[in-house]
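The values are calculated or read from the model by the stated rules, or taken from the named source; none is laboratory data. Here the structure is a predicted model, which means the values were calculated and not measured. All Cβ positions, even for glycine, are placed from backbone atoms using ideal geometry, and neighbour counts span all protein chains on display. Heavy atoms of the whole protein, side chains included, go into the accessibility calculation; ligands, DNA and RNA do not. Shrake-Rupley method; radii C 1.70, N 1.55, O 1.52, S 1.80 Å.
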Amino acid sequence: MTQPMLLLSPKFKYFLKIKCEREFLEGVTACGKTTVGIFKFMCLVANSEKRFHVIGGADLGTVEKNVINGERMLLDQFNGLAEYYPSGRRKIRLPHVEYQTNKGTKIIYICGYDNKKRWQKVLGGQVGCVYIDEVNIADMEFLREISHRCEYMMTTSNPDDPNLPVYKEFLNRSRPLKKYINDYPSELLEMLDEPHVKGWVHWYFGFHDNAALTKEMIQRKIDAVAPGTKMYKNKILGLRGRATGLVFDLVPNHIITPQQAMKFKYAQFSCGVDTSYSRLSDDKIAFIFIGITESRLLVVLSEEVYNNRDIVKSAKRALAPSDIPPLLISFLERNRKRWVEGGDAYARDVFIDSADQATMNECLKYNNEIGTLYDFYNSWKKLTIIDRIQLQQGWMKIKDEVCINGVQVCSDFLVVDECGEYIREMNTYSWKEDKNEPEDANDHTHNACQYAWIPHKHLIGRMVPNE
């Protein structure tokens, strides 16, 4: 090879060392999985006792673009060792790469799973290593056939409909290494739920696993995709997409600064609390503080979130219901002093997830023994989830821009830009594929916000859109 060595993150270095039978690579756009994946594949081909191997993709042109000819791809990394013959060469009439190794010349057939006659010729016998590009759109007959004819298989995939059979039959039967399980979004981790096949390893890669990307380059990629879109969920968050898309369309018009939020005159403040004490997932304990203005705008002012998995990972004791009251009171006091002029008014009523009576009892006990300014109530859940969504979608509808207290506003629902986790969940929260209801994921700050505004919903939403 004449090209400089690849820049490798610690995770990719570990990936190159692992030996297994099947590896399934998923992740965000530009995470480097194809670049490093093809390098490992070629190293395994070089060490294989088999002469014939396969690289497959959507069609021949796509494989050439994605895997063979691109910058830092196969021919670039193995310049001088590998030659590509798209029309075949000598006795081998099929498209292939000839790869010179210490164990002789290896033949890597190149095929598209769109051409059944061609890939059937390739799979006339047993092969050594197989690399499948964009396995999420692969022909299932091709996958089933090639899987039992090879010793080793690596696949890459773009996030797609989680109900596709490729996930059930292949990817969801693999598992991540314990070393990297904390890197996974819980939504993806929960999908790897089919019976595990020994030797099948799943990998999830993010932007920071690509050592060649600077912080500036990562930010440019994030900024290039509009939050709240299916593409944002797929490309930026690296999550398998729901065909029906996101529940809410959060756009930049909904986001304001704390300085802008300070200009409003508030008629009501409220706080909602949603809890999950899991040490194995992304589920969070979430506090949300909202304000409802005199002009009937709902403003998400502040958030505080805790995740027991991250807390335990940092060698601290996981939070329990008895830990919540002092944390919650501190959160309420900071927001009372920050958002309420003079600090005299406050969100007296706090609404806690009614499914968590342990936390509720701890808060009531804290009030009885120590005393606070606040009263704790069970969240109101008689309003169905669909009704809550419809109300919020109505408030989020973009209208003609008006000036309220010196702030340009074009919807009745606003979020302070400091509420990063709430914004992330709004850009991720999706509908289920087969039911008219949202998924049970990416919703802890969202639920907390609902608990806060449900008792005061009659105060939200301007009667005249352009007032």
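Listed values, structure above:
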item: Filtered residue count, the range 347-361, keeping only those that are modelled with pLDDT of 90 or more, open to solvent by 30 Å² or more (accessible area, probe 1.4 Å) and not in a strand (DSSP E or B); result: 5
item: Within the range 401-434, tally of residues that are of a type in the set (Val, Ile, Thr), surrounded by 17 or more Cβ atoms within 10 Å (Cβ to Cβ) and within 15 Å of Gln260 (Cα to Cα); result: 5
item: Answer from Gly124, Gly128 - the residue that is free of Cβ contacts under 8 Å to residues at least 24 places away in the same chain and out of contact with any helix residue (DSSP H, G or I) (no Cβ under 6 Å at 6 or more places or on another chain); result: Gly124
item: Of residues in the range 106-155 being closer than 14 Å to Val54 by Cα and polar (S, T, N, Q), the one least open to solvent (accessible area, probe 1.4 Å); result: Thr155
item: Enumerated helices (runs of 4 or more DSSP H) restricted to the range 1-92, each holding at least 1 residues that are out of contact with any strand residue (DSSP E or B) (no Cβ under 9 Å at 6 or more places or on another chain) and farther than 30 Å from Asn172 by Cβ; result: 74-77
item: Residue list for the range 95-119, filter: outside any strand (DSSP E or B) and touching a residue at least 12 places away in the same chain (Cβ under 8 Å); result: Pro95, Asn102, Lys103, Tyr113, Asp114, Asn115, Lys116, Arg118, Trp119
item: Matching residues in the range 163-191 - criterion: being surrounded by 17 or more Cβ atoms within 10 Å (Cβ to Cβ), part of a loop (DSSP other than H, G, I, E, B) and modelled with pLDDT of 95 or more; result: Phe170, Ser174, Pro176
item: Test: Leu383 is under 25 Å from Pro326 (Cβ atoms), assigned to a loop (DSSP other than H, G, I, E, B) and either open to solvent by 10 Å² or more (accessible area, probe 1.4 Å) or small (Gly, Ala, Ser) (or both); result: no
item: Checking Leu364 against (1) more than 29 Å from the chain's Cα centre (by Cα); (2) in a helix (DSSP H, G or I); (3) surrounded by fewer than 13 Cβ atoms within 10 Å (Cβ to Cβ), the condition it does not meet; result: (3)
item: Out of Arg309, Arg336, Arg296, Arg317, sole residue that is surrounded by 14 or more Cβ atoms within 10 Å (Cβ to Cβ), among the basic types (Lys, Arg) and not in a helix (DSSP H, G or I); result: Arg296
